[in-house]
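Structure record follows, encoded as structure tokens.
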Amino acid sequence: MVEFLQHVINGLGLGSIYALIALGYTMVFGILQLINFAHSDVYMIGAFAGYYASRYFGLADSPGLLSLLIALGCAMGACGALGFTIERFAYRPLRKAPRINVLITAIGVSLLLEFGGQIVFGADPKFFPTLYSAGNTLVFGGVQIEPIQLLVFVVSVLLMVALRFIIFKTKAGRAMRAVSFSHTNAALMGIPVDRTISFTFILGSALAGAAGILVGLTYPKIDPLMGVMFGLKAFVAAVVGGIGNVTGAVLGALLMGVAETMVIAYWAPTYRDALAFSLLILILLFKPSGLLGSHRMEKV
Amino acid sequence: MNSFTTVRNALPSAFAALALLFSVGACTKKTDAPTGTTSGTSDSSSASTAASGDEILIGEVGSLTGSEATFGTSTRDGIDLAIKQINEGGGIKGKKLRVIVLDDQGKPEEAAIAVTKLITQDKVSAILGEVSSSRSLAMAPIAQSHKIPMITPSSTNPKVTQIGDYIFRVCFIDPFQGSVMAKFARNSLKANTAAILRDIKNDYSMGLAEFFNDTFTKMGGKVTVIQSYSAGDVDFKTQLSSIKALTGADKPDVIFVPGYYTEVGLIARQARSMGFKVPLLGGDGWDSEKLTEIGENSLDGSYFSNHYSPDDKSPHVQKFIADYKTVFNRIPDGLAAMGYDAAMVLADAMKRAKTLASEDVRAAIAETKNYPGVTGNITINKDRDAEKPAVVLEVKDKRFIYKETINPS
């Protein structure tokens with residue numbers, strides 16, 4: 001029983017990491033109906049921004065909350081700027097083009113970041129410094145919880161709550177929802193469509209930056225292709241939870257993390273990736289809009 | 001458009017895009033383009049060689065980038081040093097050696113493409129590579145079918161040289177390496193129980209795990225659990241939790257982790273933070289300075305088997321280390337030493353061969369006997385494998401300290 005609980009905890013830890021990335025996917029999709037494939041690579045850039053920032057400022061020598069916050073700030077800033085640039089130069093010119101064009105562009109941007117990253121950072125894995133040691137392993141009745149897992153879990157839930165607040169309770173959020181409903185109508189109501197979309201991208205990319213740092217702290221090996229598999233899993237998690245739904249993304253990600261852990265623990269580790277995608281197909285068969293996705297009618 | 005229809009529309013294109021994503025990687029990066037066209041033998045009769053002209057071309061395939069990049073770059077540096085010394089010593093039969101290096105990014109399919117290109121387009125006389133058994137296994141059938149001799153510096157999986165009579169290696173093989181660590185665990189560490197955590201996608205890791213298991217069991221020990229992961233994973237807590245859940249007589253005294261350094265570093269960190277105190281054991285896949293960079297001090301007190309130790313006081317080993325240090329400004333790891341030996345054994349065979357035709361070179365390599373390599377005396381046996389001792393190194397304060405030598409029995 002203790003072993004089973006331990007696997008659940010490990011699964012939730014892994015799931016919270018997927019959740020951090022899935023949040024960004026789902027938010028951009030919810031507002032723009034665009035699957036931003038470059039998101040998982042923005043997250044990779046976030047991890048590298050944190051890596052270089054900590055080297056530049058020598059943060060690894062003085063680990064602590066301040067170092068963590070500086071690295072987070074640098075990563076979120078760099079990713080926000082990157083997200084803004086990507087939207088401005090890759091997606092905005094295609095605003096009126098068919099959706100598939102934007103999708104292909106997103107994949108192009110993703111490849112650019114991955115292979116550009118191999119040229120700039122080098123393809124060999126880098127070691128992410130320990131910026132923050134959150135203390136000793138907690139033990140509850142034989143079940144071990146690592147503080148960093150707890151931190152990631154709490155941060156992803158907090159970010160989820162914060163995103164819901166921004167989208168549903170603030171003026172900017174109302175603008176985002178209006179733009180999501182109709183670009184033309186939103187513009188007619190005096191909403192700055194371009195600025196709102198830019199804001200959405202900056203917010204989503206900054207989230208990816210934060211995810212990069214937290215993943216770097218949890219699994220201290222970073223490389224330019226680190227976003228590929230995590231990004232795919234996070235994307236699947238977002239779809240499973242109902243893409244466009246912030247709570248669904250976190251729920252889907254946690255489900256995915258626990259399911260993967262169970263496959264490794266009680267079945268065969270080779271099937272963990274197969275499972276991720278089988279889960280996607282199954283859930284979409286029975287609930288095409290995902291767990292919490294809304295089933296809106298097509299506008300006439 | 002509502003989210004439901006978009007998801008439905010977007011997914012097929014998303015998967016098509018993924019297929020694209022995986023196919024884009026399929027371009028081989030070339031690091032050393034041959035200058036000028038290669039010599040006269042343009043008829044593609046496979047048994048002939050390109051050794052006319054005043055150069056002998058040798059092809060090398062290695063993981064110069066990717067997650068095992070240090071394997072490829074160390075081997076390349078070792079080979080470069082050997083080639084430089086051979087050329088400074090007058091070359092072979094009046095000809096200079098030149099190496100064409102292709103990067104396979106650590107992928108078996110890229111290695112196959114690269115070796116095909118080296119043989120059919122560049123018309124090399126021999127192939128050096130790969131480090132990884134999975135990639136050597138992808139290359140060997142191609143070299144064999146073109147009858148081009150191939151020497152792998154450090155692929156230890158037995159299957160590699162079983163591909164055919166043109167495939168050689170200058171390292172020991174996994175049955176020996178696996179048994180070395182089993183003997184070390186039983187005799188020197190007095191371990192009664194062991195857990196195995198292997199990389200299921202890696203022929204090398206699977207082979208070592210199997211042979212460790214055999215020998216350890218034969219010597220009266222008990223392997224209580226075998227767990228698996230896949231190369232590229234970053235989270236090993238589930239597997240480690242399952243090992244940790246073993247109690248009483250099943251509690252392992254050692255954990256055998258015959259993987260590559262990238263994953264082993266992370267495994268060690270996660271194992272230590274979960275409270276494992278027992279030593280981890282491994283093979284030559286641990287041999288990289290990145291191991292302790294990723295794993296930090298979590299590997300202290302762990303052991304792995306390797307081909308050579310820089311602590312070896314033999315004069316020719318110390319000369320190699322000094323030469324390597326002058327050129328590359330660091331201490332050679334085991335893979336650099338193996339690359340050096342592979343190139344030297346090839347050059348030695350080419351010197352002894354009657355002509356530079358590939359069948360003569362092949363025969364000369366097969367006759368190699370007691371060649372004094374920096375990784376020990378190399379004798380190629382009838383299975384085209386090298387018979388030589390292994391050393392066990394201990395990880396301590398981010399350094400690899402010589403522990404003991406284990407001879408083939």
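Readers should treat all values here as calculations from the given coordinates under stated rules, not as data from a laboratory. From a predicted model like this one, the values you see are computed outputs, not experimental measurements. When we count neighbours, we look across all protein chains shown, and the Cβ atoms used for this are built from the backbone with ideal geometry, even at glycine.
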Task: Farthest toward positive dipole pole in segment B:118-211 [+1 Lys/Arg, -1 Asp/Glu at C-beta], among B:V160, B:A138, B:L208 - done: B:L208
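Rounded to the nearest 20 Debye, what is the dipole magnitude of segment A:190-300 about its Cα centre when Lys and Arg each give +1 and Asp and Glu each give -1 at the C-beta?
That gives a dipole near 160 debye.
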Open item on the list: How big is the dipole moment of segment A:1-147 about its Cα centre under a simple scheme where the beta carbon of each Lys and Arg is +1, that of each Asp and Glu is -1, and everything else is neutral? Debye, nearest 20, please.
Closed with: 680 debye
Open item on the list: Going by amide H atoms built from the backbone, whose H comes under 5 Å of the H on B:R169, apart from near neighbours?
Closed with: B:T152, B:A386
Open item on the list: Can you classify segment B:81-239 as rounded, prolate or oblate using the Cα gyration tensor, where a ≥ b ≥ c are the square roots of its eigenvalues, rounded means a/c under 1.5, and otherwise it's prolate if a/b beats b/c and oblate if not?
Closed with: prolate
- [ ] Please give, to one decimal in nm, the separation of the simple spin-label points placed at A:L158 and B:A363, each 7 Å out from Cα toward the Cβ.
- [x] 7.6 nm
Open item on the list: On C-alpha positions alone, give me the angle between the axis of helix B:133-145 and the longest principal axis of chain B, in degrees, nearest 10.
Closed with: 30 degrees
Task: segment B:255-300-segment A:149-206 distance, computed between alpha-carbon centres (Å) - done: 43 Å
Task: Calculated Rg and Dmax of chain B using C-alpha coordinates, Å - done: 22.4, 76
Open item on the list: Only Cα pairs within less than 10 Å get springs; with that Gaussian network setup on chain B, which residue of B:L197, B:L64, B:L97 has the largest fluctuation?
Closed with: B:L97
Open item on the list: With an 8 Å Cα cut-off and a minimum separation of 6 or more residues, compute the relative contact order for segment B:343-409 in percent.
Closed with: 18 percent
TODO: Could you tell me whether segment B:287-392 comes out rounded, prolate or oblate from its Cα gyration tensor? Rule is a ≥ b ≥ c as square roots of the eigenvalues, rounded for a/c under 1.5, then prolate if a/b exceeds b/c, otherwise oblate.
DONE: prolate
TODO: For B:D104, enumerate residues with amide H under 5 Å from its amide H, sequence gap 5+ or separate chain, H modeled in the peptide plane.
DONE: B:G62, B:S63, B:L64, B:T65
Open item on the list: For Cα pairs less than 8 Å apart in space and 6+ apart in sequence, what is the mean separation divided by the residue count of segment B:187-237, i.e. the relative contact order in percent?
Closed with: 48 percent
Task: Electrostatic dipole magnitude of segment B:95-201 [Cβ: Lys, Arg +1; Asp, Glu -1; Cα centre; debye, to 20] - done: 320 debye
Open item on the list: In segment B:216-308, if the dipole is taken from +1 on Lys/Arg beta carbons and -1 on Asp/Glu beta carbons about the Cα centre, which of B:S288, B:I243, B:N306 is farthest to the positive end?
Closed with: B:I243
Open item on the list: Can you compute the modelled spin-label distance between A:D194 and A:W267, with each label point 7 Å from Cα toward Cβ, in nm?
Closed with: 5.0 nm
Open item on the list: I'm checking a number: the convex hull volume of the Cα atoms of segment A:48-203, normalised per residue, in Å³. What is it?
Closed with: 172 Å³
Open item on the list: Which residues among segment B:185-216 fall inside the zone where the amide N is under 16 Å from a point 7 Å beyond the Cα of B:K159, along Cα→Cβ?
Closed with: B:199-211
Open item on the list: Could you derive backbone 3J(HN,Hα) for segment A:162-167 from the dihedral phi with the Karplus parameters 6.51, -1.76 and 1.60 (θ = phi - 60°), listing whole Hz in sequence and x where the residue is Gly or Pro?
Closed with: 4, 5, 4, 4, 4, 6
- [ ] Sum -39500 (n - 2.57) across every DSSP H segment of at least 4 residues in chain A, then divide by the residue count to get the 222 nm mean residue ellipticity, nearest 500.
- [x] -24000 deg cm²/dmol
TODO: Sort segment B:163-282 into rounded, prolate or oblate with this rule: let a ≥ b ≥ c be the square roots of the eigenvalues of the Cα gyration tensor; rounded if a/c is under 1.5, and if a/c is not under 1.5, prolate when a/b is larger than b/c, oblate otherwise.
DONE: oblate
TODO: Averaging sequence separations of C-alpha pairs under 8 Å and six or more residues apart, then dividing by the length of chain A, give the relative contact order as a whole percent.
DONE: 36 percent
Task: Theoretical ellipticity at 222 nm over chain B - DSSP helices of four or more residues, -39500 (n - 2.57) apiece, nearest 500 - done: -13000 deg cm²/dmol
Task: Dipole of the protein assembly as shown, positive end: most advanced residue of A:I148, A:L23, A:G216 [Cβ charges, Cα centre] - done: A:L23
TODO: Can you tell me the 0 to 90 degree angle between the C-alpha axis of helix B:203-218 and the longest principal axis of chain B, rounded to 10?
DONE: 60 degrees
TODO: Could I have the simple spin-label model distance between B:K398 and A:F181, label points 7 Å from Cα toward Cβ, reported in nm to one decimal?
DONE: 5.9 nm
- [ ] For helix A:193-218, report the angle its Cα long axis makes with the longest principal axis of the Cα atoms of chain A; keep it between 0 and 90° and round to the nearest 10°.
- [x] 10 degrees
TODO: Pick out, in residue order, every one of the trypsin sites (Lys or Arg not before Pro) in segment B:279-347 that is DSSP loop and has at most 12 other C-beta atoms within 10 Å; say none if there are none.
DONE: B:K313, B:R330
